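**Student:** Right, I'll just put the structure down here and ask away after.
Derivation of every value follows stated rules applied to the coordinates shown; laboratory data play no part. Since we're looking at a predicted model, the values are computed, not measured. Reconstructed Cβ throughout: ideal geometry from the backbone, glycine too, with neighbour counts over all protein chains shown.
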Amino acid sequence: MKIVKLKIENCKGGYTIIETMIAISLFLVIIMAGMGALLNANLLHQKSQNMRSIIDNLSFIMEDMSRNLRTGSKYYCITGADNLSNVSTAKSGPSCWGVAFESSGTPANQVADQNNQWVYYIDNFGKIFKATQGPYAAASFVQLTPEEIVITGQVAGVQVSGFSVLGAESVATNSQQPFVTIRLVGKITFKDVVTPFSLQTSVSQRLVDI
């Protein structure tokens with residue numbers, strides 16, 4: 001009986017300090033690994049949300065240009081030989097770095113007026129600008145694209161981004177309904193992450209002039 005009692009008393013000793021330290025260490029390792037994974041997932045989610053916001057901004061700009069061009073008229077293709085001070089009558093072109101047009105509120109029989117034209121153009125730094133008071137009103141130009149977006153204008157001398165205008169001239173010189181193609185190629189740089197993009201859309205003038 002004494003031997004059995006002695007064994008029972010020895011079993012009541014519990015965990016040793018070494019066993020407790022090992023258990024706590026394992027617990028801390030598991031907790032730290034879980035917290036690291038959680039923080040990384042949260043960081044990736046924030047980057048994804050910010051990138052999505054920038055892409056939504058670019059899509060909105062594309063939609064803004066499409067909607068206003070569709071309801072406008074008298075498109076003018078701004079090419080390398082032009083500048084924003086000599087935009088005049090309607091002109092077509094396959095490769096334009098900008099496009100000017102009369103807004104939807106302009107009477108159909110009114111000639112192109114530089115004082116109230118709307119203008120979209122891509123500058124040498126890959127940014128899209130918009131003006132609603134004509135090319136002469138330099139103060140009215142507003143940058144649409146954020147700094148994270150850079151649009152590639154040319155690659156090896158070939159225009160990869162810009163506008164294409166067809167059938168903009170008067171009915172006397174062409175029988176095609178005015179048609180504009182917008183193509184944007186470039187990259188988004190956000191927190192050292194570079195994401196390429198390529199967007200294209202086509203717009204036909206709503207006002208029939210053929």
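**Student:** Using alpha carbons only, what's the Rg to Rh ratio of region 41-204 with Rh from Kirkwood?
**Tutor:** Expressed as Rg/Rh, it is 1.02.
**Student:** Could you pull out the pairs from K91/K127; K91/K187; K127/K191; K130/K187 whose alpha carbons sit more than 25 Å apart here?
**Tutor:** As for pairs spanning more than 25 Å Cα to Cα, those are K91/K187.
**Student:** Sum up the charges of everything whose Cβ sits under 11 Å from the Cβ of S175, counting Lys and Arg as +1 and Asp and Glu as -1, but leave S175 out.
**Tutor:** Result for the neighbourhood of S175: -2.
**Student:** While we're here: Sorted from fewest to most neighbouring beta carbons within 10 Å, what does the list L44, L166, L184 look like?
**Tutor:** Fewest to most other Cβ atoms nearby, the residues stand as L44, L166, L184.
**Student:** Could you give me the ³J(HN,Hα) list for region 175-192, computed from phi with Karplus coefficients 6.51, -1.76, 1.60 and θ = phi - 60°, whole Hz, x at Gly and Pro?
**Tutor:** 10, 10, 5, x, 9, 10, 10, 10, 10, 10, 10, x, 8, 10, 10, 9, 6, 6
**Student:** Looking at region 174-206, which trypsin sites (Lys or Arg not before Pro) are in a loop (DSSP not H, G, I, E or B) and have at most 16 other Cβ atoms within 10 Å?
**Tutor:** Hits after loop and neighbour filter: K191, R206.
**Student:** Can you sort I54, I17, I149 by how many other beta carbons sit within 10 Å, fewest first?
**Tutor:** Ordered by Cβ neighbours within 10 Å, fewest first: I17, I54, I149.
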